[in-house]
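The values are calculated or read from the model by the stated rules, or taken from the named source; none is laboratory data. Treat the numbers as computed from the prediction; the structure is a model and nothing was measured. Neighbour counts run over all protein chains shown; Cβ positions are idealised from the backbone, glycine included. Ligands, DNA and RNA are excluded from the accessible area calculation, which covers all protein heavy atoms including side chains. Shrake-Rupley method; radii C 1.70, N 1.55, O 1.52, S 1.80 Å.
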Amino acid sequence: MKEYITIKNFGPLKNIEDLELKQFTVLIGESAIGKSTLMKVVAMMRYLYKMANIRSYLYRSKITKSPFRIRLDSMMKRQCMTKMFSKDSLIVYRVQTDDGRSYEVRIENGNLKKTEIIEQKHLMFCKNSFISENRNIIPTWTQTSWKNKGATLGFYFHETNDDFGSASEGDKELVMDFVGMKMVITHPKGKPTRYQIIPADNRHTPIELNEASSGIQTSAPLALIVDYFSKGFSFKEAFNRSVMSYLYETENLSKFKAASEPTELPKNVFIHIEEPELSLFPDAQCQLIEGLIYTVTHAAADRKLNLMLATHSPYILNYFNIVLNQTKEGRAKLTPENLAVYRIFEGETQDLIVRDENGHWIVDTYDLSEMMNAIYREYVSLDV
């Protein structure tokens, strides 16, 4: 399938027309230019399409009246996007299937339009994850969970924290080559989950995650969540929690006649990451991206992972040129068919995937390197 997003007059985003979203979609631009806004809109529309799939599956399973209700105003308020939304806003998320059929989720004139019932052969099972920029709070929050009841740090933090909690279930180890560490997760009886950071070369004794460097505190939750959705997340359990239990509670279970086994549907995980580079040295930023791409492209056979990044880092952007062209076995690899890189500028987008003079596909980072050149020119002009 292919995905497209259209956004007009929504906060800083003025005119984005049928922008293609690929398995790996990267957004870059100046601060407050609209990168996170665009990603949050995409995440919201993907969620609405997920619900359209569930509603269509239930409809084809003899549950003709959907048990799920969505209020657009409540959703916008919960995600702190109410002030960006106006009567002039238009948001259209379009999915094009492999046989050319299109389905839309449309928000227009202040209203969420009803999405048509999806054909059985086009149904899919989706899971959305949003990894917030304030994930650095998670290590401390986890250790003081008994104090946090009733406290809130916003919708996106709690989405991230919930996924981190799910990814932490069971004793496990997570190798973090990008910082030369591994994280060991254990569950002492009657105590909070323990996260120990252990250096690969044993250069120091293990430390707790909430005592580790800021770069490790921001990147460890990110890496754990992506690894979890790559191979640990159970679609069957998720379906039973979200759908079957609801049908049971509403006494609709007896009416349910499964149109197909839910686990047989195509499965997509959509992961949205704000600023993966936070507090990491440039080399670690690049190695993190290498590891994320490798993990995503080597996910369990029953699912496809899709990654969307919003970043300020020219190092990350330049590293995608390595991933596009490297051929060595055991390394992360991408092609122009599954990578999109867009610069957000003046409310619109610019496609940065181009061909160089040798005909190779590259990410055009020329403008994004201009600041380094400007600093150098200013330096050489100084009378020192």
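Overview of values
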item	result
Mean-position separation - Cα centroids, segment 60-116 and segment 166-202, in angstrom	39 Å
Label-point separation in nm, SER279 to ARG241, each point 7 Å along Cα→Cβ	2.7 nm
Matching label, mean projected area of the Cα convex hull in nm² computed from the structure shown, candidates (1) 24.0; (2) 28.5; (3) 20.1	(1)
Candidate aspartates and glutamates - alpha carbon under 15 Å from LYS121, same-chain residues fewer than 8 apart omitted	ASP98, ASP99, GLU261, GLU264
Pair GLU116, HIS360: separation of 7 Å Cα→Cβ label points (nm)	4.5 nm
Segment THR152-ASP73, extension gain: residue separation times 0.36 nm, minus the distance between their alpha carbons	26.4 nm
Residue order for TRP141, TRP361 - accessible surface, 1.4 angstrom probe, largest first	TRP361, TRP141
HN-Hα J in Hz across segment 359-372 - Karplus 6.51, -1.76, 1.60, θ = phi - 60°, x for Gly and Pro	x, 8, 6, 9, 8, 6, 10, 4, 5, 6, 9, 4, 4, 4
Candidate residues HIS360, HIS158, HIS204: accessible-area rank, largest first, probe 1.4 Å	HIS360, HIS204, HIS158
Sparse-neighbour loop sites [GluC sites (Glu not before Pro); segment 204-312; at most 15 other C-beta within 10 Å; DSSP]	GLU251
In Å², nearest 10: area of LYS333 left accessible to a 1.4 Å probe	80 Å²
Residues LEU382 and GLU133, FRET efficiency given R0 of 35 Å [Cβ-Cβ distance, rounded to 0.05]	0.45
ILE207 accessible area, 1.4 Å probe, all protein chains in place, Å² to nearest 10	50 Å²
Cα-projected label distance for ASP88 with ALA258, points at 7 Å along beta-carbon direction, nm	5.0 nm
